[in-house]
Amino acid sequence: MNTLRVGVIGSGYWGPNLIRNFAELPNAEVVAVADLNPERLNNLQARYPDLVLTADYRSLFALDLAAVVVATPPHTHYAITRDCLLHGLHVLVEKPLALNSLESQELIEIARVNGLVLMVGHTFEYNNAVLELRRLIDGGEIGDVYYIDAVRVNLGLFQPKLNAMWDLAPHDISILLYLIGHDVTSVSATGSACVFDSIHDIVYMNLTFGSGVTAHIRVSWLDPNKTRRITVVGSKKMVVYDDVETSEKIKIYDKGVERPPYTETFDDFQCSYRSGNVHIPQINFTEPLRQECQHFVDCIINRQVPRSNGVVGLNVVKILEAADWSLHNGSVQQMVQLLPVPEVGAALLQQPTQQAA
Ligand SMILES: NC(=O)c1ccc[n+]([C@@H]2O[C@H](COP(=O)([O-])OP(=O)(O)OC[C@H]3O[C@@H](n4cnc5c(N)ncnc54)[C@H](O)[C@@H]3O)[C@@H](O)[C@H]2O)c1
């Protein structure tokens, strides 16, 4: 079996989870970690004595690595990812892919021209509860999806260089695109900057899909309770996915409302409400990040397009960009045009830039 030599850039809060997962994969080996903060590197020394530790991520280029993982703050993603791709490395970069769509597009193009895997850390696309949610929607059990409501709130952690939407909403947007499809047509957002001037700590987003489905996302760093909940309301059933729950993450409510066939008088206007059983499906828990890391390695070894590929990352950034504009311009609805996503698992081809004849 091939063992893939991996480097990790950024070992703050999230990086160590990536290091642990790659270190435990049978077909990968974490060779080196780069972090500007020497304390972060010292913390790793005891647990992983064989790691090459460095402050300068560019020294990873001399270590004959196949791939790197970028887990640095979002404003650094573009420059570091670009540099690594240009040095021939496959890249798994944390969310969001970059802070604007132009930079995201450039990263996709560099990866494409060089036949490299570019994958974004949309961890929830590797979460078995989200996979079950998609199975329920695709299988028709919920009926036609009327709307989706997503809530991701907590007290903190405040970020200095971006707002709560860029920090938290990439997860919900990537889940929504995974569930409903990449056909969001318009976006609007409103919010407040309560603690720091001009850094929105609460944001409410509205997304409209081409199919007519609407979705609402609420993200906040200013809430007394940690909530990570997605409610899908369909014509047949309603489903609540609560990621804070340890075992009963998905509950399917056999609840709904039937419209009267016609109404002539107010007395006719009697809807019939259905309130049946609640079903809690068994979901086998595998750490989503483990599945994500394994998928990255598999895609490199088999030269395949990953699930949360660069175009998926770009589409998430396009929605964030449009919502950010709306947030700063009176919540005006912004039209968006997402890109078609390449087929997951398709052969990864090296596609040189087209030369002019
Ligand atoms: N997928 C998820 O569920 C998830 C969860 C949390 C965070 N994240 C993402 O992970 C990334 C990191 O977040 P975090 O919370 O760990 O941030 P953090 O600030 O705790 O850690 C970032 C680390 O990167 C280091 N760093 C910064 N610039 C560097 C550079 N040029 N070279 C080397 N090291 C550098 C910092 O010293 C720091 O230790 C972000 O993109 C965030 O969105 C993803």
C-alpha long axis of helix 128-138 to longest principal axis of the chain, angle in °: 50
Between 0 and 90°, nearest 10: helix 310-327 axis offset from the chain longest Cα axis: 60
Table column - 3J(HN,Hα) (Hz), segment 68-75, Karplus curve with 6.51, -1.76, 1.60, x for Gly and Pro: 10, 10, 9, 10, 9, x, x, 5
Under 16 Å from K95, Cα to Cα: lysines that are on another chain or at least 8 residues apart: K161, K318
Amide proton proximity set for V336, modelled H, under 5 Å, gap of 5+: S186, V187
Estimated 222 nm signal from helices in the chain, with DSSP H stretches of n ≥ 4 weighted -39500 (n - 2.57), rounded to 500: -9000 deg cm²/dmol
Range of Cα positions in segment 125-279 per principal axis (Å), largest first: 55, 38, 31
For q = 0.15, 0.16, 0.17, 0.27 Å⁻¹, Debye-computed log10 I/I(0) when each Cα of segment 129-209 counts as one equal scatterer: -0.63, -0.69, -0.76, -1.37
Net charge, L289 excluded, C-beta distance under 13 Å - Lys, Arg +1, Asp, Glu -1: -2
With Cα atoms, 0 to 90° folded angle of helix 101-113 axis to the chain main axis: 50
Rh (Kirkwood; distinct C-alpha pairs) - the chain, Å: 21.7
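Values in this text are rule-based calculations from the coordinates and carry no lab data. From a predicted model like this one, the values you see are computed outputs, not experimental measurements. Cβ sites come from the backbone with ideal geometry, for glycine too, and all protein chains shown count toward neighbours.
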